[in-house]
Amino acid sequence: MVIVTTSFERKVLNFLKKHQSGVLVLVAVFLFVLIALSQIIPTHAALNSKERPKGGQFLDHVTTKIAVSFDGQNYNFFTRADNLGHAFNQQGLLLDKRDRVEPGFKTQLTGGEISIEVEKAKPVKVVDNDLRFETKTCGETVGEILNNLKLKVYKEDIVMPPEDTVYMRGTEIVIERAKRILVIRHDSEKRIRTNAGNVLDALKEMGITLKPGELVKPELDKSIVDRMVIHIFGEGEDILVERVPIAYNVIYRDDPNLFVGEQMIVQKGRDGEKEQTLKIVRQNGRIIKYQVMKEKILRKPRSAIIRRGTKVGGVSLTGTATWYGPGFYGKNTANGEILDKTSLTAAHLSLPFGTRVKVINLQNDRSCIVRINDRGPFGCSHIIDLSVASKNAVGMGSVALIRLEVLR
């Protein structure tokens, strides 16, 4: 069988042979487009059907126009979402739960056009007496911000900047709370909030004038503190109920595993509290009797327990030294010896009696070796109390910076 081809056909065949790879690429692209269209067309049909796609993000597939005012800037978008929250998520509008959105995220979208106002929460710094914190909230003025933060402010409280001030980013809102006080005068009571500095000013603010012979407790010049109770006593007898702290004590336990000078807190101390019922008798403006009628323990004190080191090998301590002697010469030291102003001795709070310590005056490098035979110094930060002979040996004045090296 003979196939006769024209010159045009021969040219086409020669072109296909010459560009075979390119033709294959074109065919592949054409097939890919057909496959993509086959996936898109059913999906589009589903969107225009009466069926709800799986996931429930569309409501009858009705298009809604959203007009958004976002911190004063306006823009529009279209959505098929069933509520406002889904619509914002589709647009990538990630909002904080403290942002203000009106109407809210759960607003159903049923087509047409809806206007939305969004105010982004701004960072805010607040100092409320001793409480300092940072947060985010909405609000145009200082008052609106405090209201959104649910911080109740009373008329006696001082707010800076004032509540009607437009809030500027970075500004610190400071609230100085008025003090709450209770004034008891005989059988009457009165509670107020005040910014008065002392008891006298608070009584003046309340319009209270003291009568001749009346006594005020606490005293008139005492500073006002929160929840203060002020008693005004007249002539005769009065019963006063007040709370009194009970100081805790400190228990030291020697620990041979800690070096001298080292301490470890085992238990923190805590003051207790008791309630006292007092009988006060006044005559001619003066208290002539002040008697404790009854006491009730409200909270027992908890002792502080401190482990104190007694290990002496190779210990080196740096601190300040003082000296003692006048008024103590000829008297017994803590270990029973007689204090001798000519002996190189010293007092230390915890080193065992008889321990020998090298004392180095870091101001002139003079040193001497002393023996511990007494206890002290008490109620101060000095680490050793030298005898007058030891003081003169290291060439110090009343106080000197020294280093102790425990020898044995």
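I need the full set of residues from the range 86-124 which are in contact with a strand residue (DSSP E or B) (Cβ under 9 Å, 6 or more places away or on another chain) and farther than 23 Å from Val62 by Cα, in order please.
The answer is Leu95, Asp96, Arg98, Asp99, Arg100, Val118, Glu119, Lys120, Ala121, Lys122, Pro123, Val124.
Checking Glu113 against (1) under 25 Å from the mean Cα position of the chain (by Cα); (2) exposed (fewer than 11 other Cβ atoms within 10 Å of the Cβ), which test does it fail?
Here Glu113 meets the rest and fails (1).
Test of understanding: among Ala321, Ala389, Ala346, Ala304, which residue is small (Gly, Ala, Ser) and in the same structural domain as Asp255 (by TED's automatic domain parsing)?
Answer to the check: Ala304.
Just to be sure, is Ser350 under 49 Å from the mean Cα position of the chain (by Cα), surrounded by 13 or more Cβ atoms within 10 Å (Cβ to Cβ), assigned to a loop (DSSP other than H, G, I, E, B) and among the hydroxyl-bearing types (Ser, Thr, Tyr)?
Yes.
In the set Ile116, Ile173, which member is assigned to a strand (DSSP E or B), β-branched (Val, Ile, Thr) and more than 27 Å from Asn74 (Cβ to Cβ)?
Only one candidate passes the filter, namely Ile173.
Working only within the range 300-329, note down all residues that are modelled with pLDDT of 85 or more and part of a loop (DSSP other than H, G, I, E, B).
Matches in the range 300-329: Lys300, Pro301, Ser303, Tyr324.
Starting from residues that are in a loop (DSSP other than H, G, I, E, B) and over 30 Å from the mean Cα position of the chain (by Cα), keep the ones in the range 176-191 and report whichever is surrounded by the fewest Cβ atoms within 10 Å (Cβ to Cβ).
Out of the qualifying residues, it is Asp187.
Out of all the residues in the range 122-133, is one or more free of Cβ contacts under 8 Å to residues at least 40 places away in the same chain, out of contact with any Ser or Thr (no Cβ under 8 Å at 6 or more places or on another chain) and surrounded by 15 or more Cβ atoms within 10 Å (Cβ to Cβ)?
no
Hey, among the residues in the range 259-271 that are in a loop (DSSP other than H, G, I, E, B) and at pLDDT below 85, which one's surrounded by the fewest Cβ atoms within 10 Å (Cβ to Cβ)?
Glu262
Over 22 Å from Arg282 (Cβ atoms), more than 22 Å from the chain's Cα centre (by Cα) and of a type in the set (Ser, Thr, Tyr): is that true of Thr135 in this structure?
no
Return only the number of the condition from (1) assigned by TED's automatic domain parsing to the domain that holds Ile192; (2) loosely packed, with under 15 Cβ neighbours inside 10 Å; (3) touching a Phe, Trp or Tyr at 6+ places or on another chain (Cβ under 6 Å) that Leu215 does not satisfy.
Checking Leu215 against (1) assigned by TED's automatic domain parsing to the domain that holds Ile192; (2) loosely packed, with under 15 Cβ neighbours inside 10 Å; (3) touching a Phe, Trp or Tyr at 6+ places or on another chain (Cβ under 6 Å), the one that fails is (2).
Restricting to the range 195-207, name every residue that is assigned to a helix (DSSP H, G or I) and either among the polar types (S, T, N, Q) or within 12 Å of Ala178 (Cβ to Cβ) (or both). Before the answer, list the steps.
Here is the first cut: in the range 195-207, the residues assigned to a helix (DSSP H, G or I) are 199-205.
Ala202, Glu205, listed by residue number.
Can you say whether Val159 is closer than 30 Å to Pro301 by Cβ and outside any helix (DSSP H, G or I), as far as the supplied structure shows?
no
Return the residue satisfying two criteria in turn: it lies in the range 355-377 and is touching a strand residue (DSSP E or B) at 6+ places or on another chain (Cβ under 9 Å) and not in a strand (DSSP E or B), and of such residues it is nearest to Gly336 (Cα to Cα).
Arg375
So that you can scan it fast, the table gives a plain yes or no per residue for (1) part of a strand (DSSP E or B); (2) more than 30 Å from Ala304 (Cα to Cα):
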position	(1), (2)
Arg193	yes, yes
Thr209	no, yes
Asp221	no, yes
Glu237	yes, yes
Glu273	yes, no
Lys279	yes, yes
Val292	yes, no
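Going through Arg52, Arg80 one at a time, which residue ends up being of a type in the set (D, E, K, R), out of contact with any Gly (no Cβ under 9 Å at 6 or more places or on another chain), at pLDDT below 75 and more than 30 Å from Gly139 (Cβ to Cβ)?
Arg52
The values are calculated or read from the model by the stated rules, or taken from the named source; none is laboratory data. Given the structure is predicted, the values throughout are model-derived calculations rather than measurements. For neighbour counting, all protein chains shown are included, and Cβ atoms are generated from backbone atoms with ideal geometry for every residue, glycine included.
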